[in-house]
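Novice: Mind looking over this structure? Questions follow.
The values are calculated or read from the model by the stated rules, or taken from the named source; none is laboratory data. Keep in mind that this is a model prediction, so the values were computed, not measured. So basically every Cβ, Gly included, is an ideal-geometry build from the backbone, and we count neighbours across all protein chains shown.
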Amino acid sequence: MGFCVVKASCKQFFRRIIIKQKIPTCIMNYRCDITQGDRCQGCRFNKCLLMGMDASLICVQNTEDLDKFIENLKEYQLEVIAQYYEQIAPNNDNQLDYDCNKLC
């Protein structure tokens with residue numbers, strides 16, 4: 001398993017979400033452009049998951065509720081990743097060929 005450097009503000013944000021055990025939502029259907037100026041918590045949290053942040057590595061007192069939340073979060077993370085790849089990889093192969101040829 002690889003580790004990478006994460007900004008302190010992102011670590012703290014992710015840790016707070018895990019401790020609260022409540023996944024934030026987005027009013028824009030998770031299509032916000034996450035930049036430093038954008039503070040959509042739902043999209044920011046999803047980006048944390050896409051970048052591979054792991055809730056099981058957060059040092060907090062484990063409880064049964066937290067263990068269940070983390071287990072559910074792993075399933076949610078897989079859904080987020082699948083949705084992300086669905087957005088960036090079109091289902092239409094002809095469109096993909098067209099886009100690739102346009103780039104070349």
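Novice: Cβ-Cβ under 8 Å, sequence separation 6+ or interchain: first residue in the stretch 64-90 and under 13 Å from residue 18 (Cα atoms) and free of Cβ contacts under 8 Å to residues at least 60 places away in the same chain, partner loosely packed, with under 15 Cβ neighbours inside 10 Å and of a type in the set (Ser, Thr, Tyr). Which pairs?
Specialist: What qualifies is 70/56.
Novice: Can you name the condition, by its number, that residue 35 falls short on among (1) of a type in the set (Ser, Thr, Tyr); (2) exposed (fewer than 11 other Cβ atoms within 10 Å of the Cβ); (3) modelled with pLDDT of 80 or more; (4) not in a helix (DSSP H, G or I)?
Specialist: With respect to (1) of a type in the set (Ser, Thr, Tyr); (2) exposed (fewer than 11 other Cβ atoms within 10 Å of the Cβ); (3) modelled with pLDDT of 80 or more; (4) not in a helix (DSSP H, G or I), residue 35 is out only on (3).
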